[in-house]
Structures are given as structure tokens and as C-alpha cells.
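Here the structure comes first, spelled out in C-alpha cells, and everything after it is commentary.
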Amino acid sequence: MKKIFKIVLMIGILFSLNAVASGELNKKEMSEIEKLPIFTGSGMHIIKAYKDEQFYLLRVNIQENIQELVLTADKNFLIAGKVYNTASGEELSIPNDVSILDGKEALTYGTGKDVYYLFTDPECPYCKKFESYFEDIKKDVQLKIFFFPLSFHKNAVALTQYILDNKTNAAKVDAMMNVTVDSKEFKNKKYSDKQKTSLNKIIAANMKLGEELGVRGTPALFDMNGKALSWVNVLQRYGVEVK
């Protein structure tokens, strides 16, 4: 009997796993998956894939929109949605090549040995919430920070320009942590056309890096191995409880 392949839309799929799928598929193996009827003629192209005993984790380009999908081990069901480790609560995702970020951060925060890469939006309430705990982890971590102003935050680009226009790392950190749209210094800030062009190039470069890693929202946090992490779970690693 001919198998019927279905796509199942689910949000928050749970698996009892201890780690992200670890066996990366080669091009030939990904090509075999793309022969499934659901991929044929759909415009979906697999960029990267990992296999676990229970499922395949796929990073797919769907008409220029990058998404991560789950394909069951028997290849009968394709699942759209996030996958969580039921033990740790962490979202499972395909590791990214964070080597592309080396030396390109807009600023750094912290003096610790544990390095993380953070994409943030200065008008994002969740980013500001995360920032409110920075003091608690500054001796444990080193955050390499990139800006990813979201289009629906109308002041995000202007705030990012203000932060980046500071000359020292310390001044940039202070602006990121303390300056808001209501701050007098922000409201009165003026730029030359040359300054604005230069700042916008930095922002565009930051956003391009984020897009290459599949960043779609903020805060987006990655460890040294390119694994996407929950900022809440990272804080908990260092004994910080989010209130």
C-alpha cells in the first residue's frame, strides 16, 4: 500500500532527549529526503540536517524563508514547530557556524570565561528584561553583542545608531543599558549624513550575520558551539532566577 505523507503543524513539540540531534547529514542524504512527495515541487530546499534515533532536524529554505522542521524517523510526518528537551526545557535546534561572528561584534559585556553571542534589539522588552540581569552574570560570561533591530519597533534603529555612535565599549554598554527613547541625550542627538551612513552599514552587517544564523526575533542567544539557547535557561545556569 502506498504510504501517505502528511505535514503536521504543531507548536511546542516535546521530545525526551538529552541533546540536539548530533549526526549531520551529507548532501546525498539530504537529497534523498528532498525526494519525498511533500518536498517535490514545493519550493522547499534543505540547507542543513541532523539525524537522531527518533527524528531528523531540518533547516529548510521555504521561498527565501528559513525555518527548522522535524521529520519523523520513519519519514512519514513532517512537523513544523519548536522542539523542546523535556528534561531541561531547552529548545533543540541545528547548531550554527558561529565562526562567522568572530571579531564582528558591536560591543562586549562581561569578563567571564563562558562566551555567548547575543543578537538584541534596544527597544525589545524581552531584551531589556535580559539586560536587567547582566550584572548578576558579568563575572561568569562574556557576551559578544550584535544588534538586530526589528521592523515593528519604530525607534529600534535610531536607538541602535545612538549606541553605536559612542566611541568606547564602556560607553556603548552604558548607552545600551540606560538610554531610552525618553532620554534627553537621545532626543537631542544629531548626526551628519556621513555618520548616519556609517552607522547604518554597521547595523546592516549585524543584521546580515543574524539572518545567516536564522535569527528571526530577539533576544537570540548562541553558545560557542552555535547552539541556540534560551536566555532564561542561561541565567539559571548561573543560579539566577528570573522574576
Quiz prompt | Selection status of ALA175, open to solvent by less than 50 Å² (accessible area, probe 1.4 Å), of a type in the set (A, V, I, L, M), part of a helix (DSSP H, G or I) and without any contact (Cβ under 8 Å) to a residue 24 or more places away in the chain | solution = yes
Self-check item: Breaking point among (1) farther than 27 Å from LEU36 by Cβ; (2) among the aliphatic types (A, V, I, L, M); (3) surrounded by 15 or more Cβ atoms within 10 Å (Cβ to Cβ), for ILE100
Solution: (3)
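Tell me the residue from TYR162, TYR133, TYR238 that is modelled with pLDDT of 95 or more, hydroxyl-bearing (Ser, Thr, Tyr) and surrounded by fewer than 18 Cβ atoms within 10 Å (Cβ to Cβ), please.
Selected residue: TYR238, the only one of TYR162, TYR133, TYR238 that is modelled with pLDDT of 95 or more, hydroxyl-bearing (Ser, Thr, Tyr) and surrounded by fewer than 18 Cβ atoms within 10 Å (Cβ to Cβ).
Yes/no per residue for (1) under 30 Å from LEU58 (Cβ atoms); (2) not in a helix (DSSP H, G or I):
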| position | (1), (2) |
| --- | --- |
| GLY89 | yes, yes |
| TYR117 | yes, yes |
| PRO122 | no, yes |
| GLU135 | no, no |
Quiz item: What is the residue count in segment 47-75 for residues that are among the β-branched types (Val, Ile, Thr) and farther than 22 Å from LYS208 by Cβ?
Solution: 2
Quiz prompt | Residue check for LEU150: hydrophobic (A, V, I, L, M, F, W, C), part of a helix (DSSP H, G or I) and farther than 30 Å from GLY23 by Cα | solution = no
Self-check item: First in segment 86-105 and closer than 14 Å to LYS208 by Cβ, second anywhere and surrounded by 17 or more Cβ atoms within 10 Å (Cβ to Cβ) and of a type in the set (Ser, Thr, Tyr), Cβ under 7 Å, 6 or more apart
Solution: LEU101/TYR117
Quiz item: In the list ALA73, ALA49, which residue meets the criterion of being closer than 20 Å to ARG216 by Cβ and modelled with pLDDT of 90 or more?
Solution: ALA49
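The values are calculated or read from the model by the stated rules, or taken from the named source; none is laboratory data. Here the structure is a predicted model, which means the values were calculated and not measured. Neighbour counts are summed over all protein chains in view; Cβ atoms, including those assigned to glycine, are modelled from backbone coordinates with ideal geometry. Heads up: the accessible areas ignore ligands, DNA and RNA and are worked out on the full protein's heavy atoms, side chains in. Shrake-Rupley method; radii C 1.70, N 1.55, O 1.52, S 1.80 Å.
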